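Please read the structure below before turning to the comments.
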Amino acid sequence: MRTNEFHTVRGYQLIEQEKKLLTSAMEDYLEMIFRNIGNEGYMRINTLAEMLNVRPSSATKMVQKLSQKGFVEYKKYGIITLTEKGKTLGEFLLQRHNIIEKFLKGIGIRDNLLIETELIEHNLSVDTLRSIDELNSFFEEHPEIMRKFEHYRSTRN
């Protein structure tokens, strides 16, 4: 019997999704809640909906799901707060976003930086993320290598 380890991209996504606690959309909501609570000290549904460009009813449904999973506390028409579990994962999600964004900036991505970051961040393993973070640190500690890369890029175009 032959075992095939290869899958379509969607197949890999489904396998990863089974391993994950949250969907990509849930992660986006939790990350935004974490960001806003860090800046403002609290989060409201209307603010969340506005920040994510969704309807308040959609934001309410997602926050209710996050509440059922134990990441946030929310009462109808109230303020959204993070549980300890939500704070921990929210911090990780924001760090993940920042690591990817920093890497993309480092390799010269300027156009659609946010879109590129958002598309990539939900599809990386923790090991890959850790390696990218190490590479970012390496480039910070060795700016001469980044300058060589920038020179290389500029002479190829």
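The values are calculated or read from the model by the stated rules, or taken from the named source; none is laboratory data. None of the values given here were measured: they were computed from a predicted structure. Cβ: placed from backbone, ideal geometry, glycine included. Neighbour counts: every protein chain shown.
Given the structure, is GLU50 closer than 24 Å to LEU119 by Cβ and within 16 Å of the chain's Cα centre (by Cα)?
Working: closer than 24 Å to LEU119 by Cβ: yes; within 16 Å of the chain's Cα centre (by Cα): no.
Against the criterion (closer than 24 Å to LEU119 by Cβ and within 16 Å of the chain's Cα centre (by Cα)), GLU50 does not qualify.
Quick grid of which residues meet (1) surrounded by 18 or more Cβ atoms within 10 Å (Cβ to Cβ); (2) modelled with pLDDT of 95 or more; (3) of a type in the set (Ser, Thr, Tyr):
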| residue | (1), (2), (3) |
| --- | --- |
| GLU5 | no, no, no |
| TYR12 | no, no, yes |
| PHE34 | yes, yes, no |
| TYR42 | no, no, yes |
| LYS61 | no, yes, no |
| VAL72 | yes, yes, no |
| PHE92 | no, no, no |
Review point. Which of the residues that make up the range 148-157 are out of contact with any helix residue (DSSP H, G or I) (no Cβ under 9 Å at 6 or more places or on another chain) and either closer than 24 Å to ARG96 by Cβ or surrounded by 11 or more Cβ atoms within 10 Å (Cβ to Cβ) (or both)?
Key: LYS148, GLU150, ARG153
Check your understanding: Residues ASP127, ASP111: which one is surrounded by fewer than 16 Cβ atoms within 10 Å (Cβ to Cβ), of a type outside the set (Lys, Arg), free of Cβ contacts under 8 Å to residues at least 40 places away in the same chain and part of a loop (DSSP other than H, G, I, E, B)?
Key -> ASP111
**Study point:** Flag if GLY90 is among the small types (Gly, Ala, Ser) and in contact (Cβ under 8 Å) with a residue 60 or more places away in the chain
**Key:** yes
Exercise for review: Name the single residue, out of those in the range 74-86 being free of Cβ contacts under 8 Å to residues at least 40 places away in the same chain and over 15 Å from MET26 (Cβ atoms), that is surrounded by the most Cβ atoms within 10 Å (Cβ to Cβ).
Suggested key: ILE79
**Study point:** Residue ranges of helices (runs of 4 or more DSSP H) in the range 24-82 with at least 1 members touching a Lys or Arg at 6+ places or on another chain (Cβ under 7 Å) and either of a type in the set (Lys, Arg) or more than 18 Å from LEU93 (Cα to Cα) (or both)
**Key:** 45-52
